[in-house]
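Asker: Below you'll find the structure I mean.
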Amino acid sequence: MKAINKPLDMHYLTIVDLIKARDHFHVHLINKENVIATALGKYRIRNTDIDKNQNYKPSYHKNKSERTLSNSKVLDISWPCILVFVEKWITDDKIRKIDDVTQIIPNQVYMPDGKIIPICVVSASKKLLTDTSVNTSGLIFPKNLIGGGFPLIVNVQGEERIASIGCLVSDGNKIYAVTNKHVCGEEGTVIYSKLKGRLMRIGISSKKQIGKIKFEETYCDWKCSNILINADIGLIEIDDINFWKTEVFGIGKIGEMVDINSSNISLDFIGKKVFAYGAVSKFVSGEIAALFYRYKTIAGTEYVSDFLIGPTDGNEMKLHHGDSGTLWLLDYEKIESINGDEKNLKKIKEKLPIAIHWGQHKLLDDSKKYSQDFGLATALSNVCKILDVDVIRDWNLDQDYTWGKTGHFKIAARSCELVSDDLLSELLMLNQKNIGYTDDDLSDPDMVVKARSGDFVPLADVADLVWRDKRPVDASNHFADMDERNDTILNGKNLLELCENENFIDVDKWNDYYEKFEAIDEKKDKNKRGALPFRVWHMYNEMVKFLKQGDIEKFICAGGTMSHYVGDASQPLHISYLHHGRPGYGEEKVHETYETKMVDKFMSELFEGVNANNSKVKKSDLISGGGKEAAKFIIKLMRDTHKILPPIDIINAFNSSRDSRIDYEQMWNILKDKTIENLANGSLKMAIIWQSAWVEGKGENIPKNKIVEVDKQVLMDLYNDYEFVKSFKLSDSRFKNVLNSNV
């Protein structure tokens, strides 16, 4: 029986098909003498086969002209393929005369599952020698604030090297600038720039670096043997954050990072317009030409770059040494309604961070006289996942371990309404707007203070909006991974279980517990040991002390700022090792999606639900016995928070509500009741802490004339004082001394 071959539609092929095909045939392809590299992409149409209306009009000459990256482009009709880059172009008539037929590159490869994978051959001779010099006279250094796009200077073996700053990231404890590992050098290397024309140390290279990583460790759903991704990422541990800003020079404020992982990366990225601002090349624009560009093979190991970035429509794109570390951004346009009117729409352009530039290849054009630059870049979301950092787009936007303003301000303001002591109630209601925001104010975005504005910050979010910047050491006080366990550590018990024995609520015991985890997991960092209950312990003691001294201003400031940490304890993801989803599952966005975006979208329903619970503090609710009892009380709140809404339930709701976008309404419908219950419970628990400290500090002895609204400037002066309710890491030996000194 004769098979009848019908024309094949190759558009059904996926990136997974291409990955499997190239991995299956990589030895076959790369061992051909003429092949210099391969990549995954879409079939490139010669410009001569495109009419003036950008339609595909193929010619059928036997000896087609040489296809290069400069004289071809991807059209809407382009189909998925493996790109094979060759040193020289061989026409059809010469191919027939090749003695060794094994050197011929096929038009397609056949997979065991019957799929046919097209091959697109591209002529791309490499320019072997490139200019590594940098014209420093043309560099633009910052006048006052440093950010992405500015040059950095490193001295290596007596030579001054120039590179670029990409963007800022944070691990919740420190803020770092992103550049390349080959720029940063070894941990502790001093990094410089120039400020107002003077050489200035800006930081040191961090131990947080990525060199080459196994393909399947980054894209965990795909198994590819003997492939390493060259990430080449190094972080600079910043000396003084006050000299930095998050905007990229020459570009401005950046949008949300493009989240790329094995579940969502696709060939739709091919042809997407990107741009960057490098320290040497200045503004550069181009497009994503290919994915997973294999640029060399050594001893059977393949080396890959996440992205190959090339010029748009054959235009020139110049890159230089010194651009290493530059941030590439995706040119993204979305349509939004104006004031909720779906018939009145507007286009909004955003600049979305997508990759970090680490190198370039200079490929000769078809004349072999001129070279064209192509960028090699690493997906930024992979960097954030591996190094456990988040991109900072503006101060306290996308920060790690934060409820978002709504939850914090609501719990704090509501707690003022739930105390039952008349004198304390009068004091707190007079200061309610110093501590949080009313529902009406929270519903108006213009009423809520912005980070780093210099304006007064209601006390409930000082820990995020002020101390994240001024006291980076405070970051580890906002959380504790209470549900993490390991069978080899303390009989597999987690902190929630261990702390049922109050003797385990001890700084030394917690540090020892964390050390055991760090010994078996090199990703664990002793500077990120969650210390939330001990922060409450410390601040409760301070509240009692200030009351006994008759200092109402400090009592209000200490209690108001402490309400932030009680809010954190009321949020399931703050007190779980699943705070950014399950590692490797692409769930990193669950934190901000649930706590900030979902909560803000359904603010009115949230407030209505929380306000419906009118239970006030009863005398039987009160705690006594100092800060340790407060820590014990807050751990009980954490246990209740987990029981009411387990973190995995939030993750499951997040996963079931996302496709190409998040369905916030579906997620809210799943989590609404339990989210309200946790918020209401946190409000009552904070009210109990206020009233317990009031009783323990003999608040009834406070003269009536001191029951007043505290001046905002007095409160600002207090929370801007580094020594006021001073912050400590759990590993700091002084922390335990402070806790015990106030008993």
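Asker: Look through the stretch 223-265, keep the residues that are outside any strand (DSSP E or B) and among the hydroxyl-bearing types (S, T, Y), and return whichever of them is surrounded by the most Cβ atoms within 10 Å (Cβ to Cβ).
Answerer: Step by step, filter the stretch 223-265, then rank; the result is S262.
Asker: Another question, then. Does any residue in the stretch 632-656 that is in contact (Cβ under 8 Å) with a residue 40 or more places away in the chain and closer than 19 Å to I411 by Cα come within less than 6 Å, Cβ to Cβ, of a residue that is outside any helix (DSSP H, G or I) and not aromatic (F, W, Y) six or more places away or on a different chain, and which pairs are these?
Answerer: Pairs found: F633/I623; I635/C499; M638/M482; T641/S570.
Asker: Check S443, S425 and return the single one that is buried (at least 16 other Cβ atoms within 10 Å of the Cβ) and not β-branched (V, I, T). Break it down into steps so the answer makes sense when it comes.
Answerer: Details: S443 fails: buried (at least 16 other Cβ atoms within 10 Å of the Cβ).
None of the others qualify; the one that does is S425.
Asker: State which residue pairs qualify: first residue closer than 16 Å to S683 by Cα and inside the stretch 421-436, second residue among the hydroxyl-bearing types (S, T, Y) and surrounded by fewer than 19 Cβ atoms within 10 Å (Cβ to Cβ) in any location, beta carbons under 9 Å apart, and separation of 6 or more residues or different chains.
Answerer: From residues that are closer than 16 Å to S683 by Cα, the pairs are Q432/T438.
Asker: Residues that are under 17 Å from T378 (Cα atoms), in a loop (DSSP other than H, G, I, E, B) and more than 22 Å from the chain's Cα centre (by Cα): does the stretch 310-319 have at least one? Talk me through it step by step, then tell me what you get.
Answerer: At the first step, the residues of the stretch 310-319 found to be under 17 Å from T378 (Cα atoms) are 310, 319.
Then drop every residue that is not in a loop (DSSP other than H, G, I, E, B), which leaves 319.
From the residues that got through so far, the ones that are more than 22 Å from the chain's Cα centre (by Cα) too are 319.
Yes.
Asker: For the stretch 707-738, give me each residue that is loosely packed, with under 13 Cβ neighbours inside 10 Å and either basic (K, R) or farther than 24 Å from V473 by Cα (or both).
Answerer: D711, Q713, R734 - these are the residues of the stretch 707-738 that are loosely packed, with under 13 Cβ neighbours inside 10 Å and either basic (K, R) or farther than 24 Å from V473 by Cα (or both).
Asker: Consider D400 carefully, then state whether it is modelled with pLDDT under 85, outside any helix (DSSP H, G or I) and closer than 25 Å to S206 by Cα.
Answerer: Judged against the criteria, D400 is a match.
Asker: Got a sec? Which helices (runs of 4 or more DSSP H) wholly within the stretch 536-650 have at least 1 residues that are touching a Phe, Trp or Tyr at 6+ places or on another chain (Cβ under 6 Å)? Step through it out loud before you land on a result.
Answerer: Values: elements: 552-569, 603-611, 627-644.
Once the helices (runs of 4 or more DSSP H) in the stretch 536-650 are filtered for at least 1 residues that are touching a Phe, Trp or Tyr at 6+ places or on another chain (Cβ under 6 Å), what remains is 552-569, 627-644.
Asker: Tally time: how many residues in the stretch 247-297 are of a type in the set (V, I, T) and in contact with a helix residue (DSSP H, G or I) (Cβ under 7 Å, 6 or more places away or on another chain)? Lay out the reasoning, then the answer.
Answerer: Residues of the stretch 247-297 that are of a type in the set (V, I, T), as a first pass: 248, 251, 254, 258, 260, 265, 270, 274, 280, 284, 288, 297.
With in contact with a helix residue (DSSP H, G or I) (Cβ under 7 Å, 6 or more places away or on another chain) added as a condition, the list becomes 258, 260, 265, 288, 297.
Residues that pass the stated criteria total 5.
Asker: Can I ask one more? With buried (at least 18 other Cβ atoms within 10 Å of the Cβ) and either at pLDDT 90 or above or not aliphatic (A, V, I, L, M) (or both) as the only criterion, which of A475, A460 stands out?
Answerer: On inspection, the qualifying residue turns out to be A460.
Asker: Still on this structure, please answer the following. Please go through (1) under 24 Å from the mean Cα position of the chain (by Cα); (2) assigned to a strand (DSSP E or B) for D268 and return the number of the only condition it doesn't satisfy.
Answerer: So D268 meets the others, but not (2).
Asker: May I pose another question? Name the pairs whose Cβ atoms lie under 7 Å apart, with the first residue in the stretch 543-558 and assigned by TED's automatic domain parsing to the domain that holds L427, the second of a type in the set (A, V, I, L, M, F, W, C) and assigned to a loop (DSSP other than H, G, I, E, B), and 6 or more positions between them or separate chains?
Answerer: G550/I702; I552/I702; I552/V710; E553/V710; I556/V710; A558/V725
Asker: Can you name the number of the only condition in (1) modelled with pLDDT of 95 or more; (2) more than 26 Å from V449 (Cβ to Cβ) that I689 fails?
Answerer: (2)
Asker: Which of the strands (runs of 3 or more DSSP E) found entirely inside the stretch 161-214 contain at least 3 residues meeting this: among the hydroxyl-bearing types (S, T, Y) and farther than 30 Å from R294 by Cα?
Answerer: Values: elements: 168-170, 175-179, 190-195, 198-214.
Answer list for the stretch 161-214: none.
Asker: Within the stretch 320-327, does at least one residue satisfy the condition of being β-branched (V, I, T), at pLDDT 90 or above and under 29 Å from H26 (Cβ atoms)?
Answerer: Scanning the stretch 320-327 turns up no residue that is β-branched (V, I, T), at pLDDT 90 or above and under 29 Å from H26 (Cβ atoms).
Asker: Now a separate question. Hey, does the stretch 664-682 have a residue that's under 22 Å from E497 (Cβ atoms), among the aromatic types (F, W, Y) and part of a helix (DSSP H, G or I)?
Answerer: No, the stretch 664-682 has no match at all.
Asker: Can I ask one more? Got a number for residues in the stretch 1-43 being at pLDDT 85 or above, part of a helix (DSSP H, G or I) and within 18 Å of I270 (Cα to Cα)?
Answerer: 6
Asker: Still on this structure, I have one more. Would you say S367 is modelled with pLDDT under 90 and either surrounded by fewer than 18 Cβ atoms within 10 Å (Cβ to Cβ) or not assigned by TED's automatic domain parsing to the domain that holds V566 (or both)?
Answerer: yes
Asker: With respect to K729, determine if the residue is touching a residue at least 12 places away in the same chain (Cβ under 8 Å), within 27 Å of K554 (Cβ to Cβ) and within 28 Å of the chain's Cα centre (by Cα).
Answerer: On the way: touching a residue at least 12 places away in the same chain (Cβ under 8 Å): yes; within 27 Å of K554 (Cβ to Cβ): yes; within 28 Å of the chain's Cα centre (by Cα): yes.
Yes: the conditions hold for K729.
Asker: I would also like to ask the following. So, K196, is that one at positive phi, at pLDDT below 85, of a type in the set (D, E, K, R) and surrounded by fewer than 17 Cβ atoms within 10 Å (Cβ to Cβ) or not?
Answerer: yes
Asker: Return the residue satisfying two criteria in turn: it lies in the stretch 288-333 and is free of Cβ contacts under 8 Å to residues at least 60 places away in the same chain and surrounded by 24 or more Cβ atoms within 10 Å (Cβ to Cβ), and of such residues it is nearest to E256 (Cα to Cα).
Answerer: Checked the stretch 288-333; the qualifying residue nearest to E256 (Cα to Cα) is W328.
Asker: Being over 27 Å from I575 (Cα atoms) and of a type in the set (A, V, I, L, M, F, W, C) narrows it down to one residue among W694, W690, W668; which is it?
Answerer: Working: W690 fails: over 27 Å from I575 (Cα atoms); W668 fails: over 27 Å from I575 (Cα atoms).
Residue meeting the stated conditions: W694.
Asker: Give the stretch 527-541 a look and list any residue that's modelled with pLDDT of 95 or more and not hydrophobic (A, V, I, L, M, F, W, C), or say none.
Answerer: If the condition is that a residue be modelled with pLDDT of 95 or more and not hydrophobic (A, V, I, L, M, F, W, C), then P533, R535, H538, Y540, N541 are the ones that fit.
The values are calculated or read from the model by the stated rules, or taken from the named source; none is laboratory data. Bear in mind the structure is a predicted one, so any value in this text is a computation, not a measurement. As a convention, Cβ positions derive from the backbone with ideal geometry for all residues, glycine included, and neighbour counts pool all protein chains shown.
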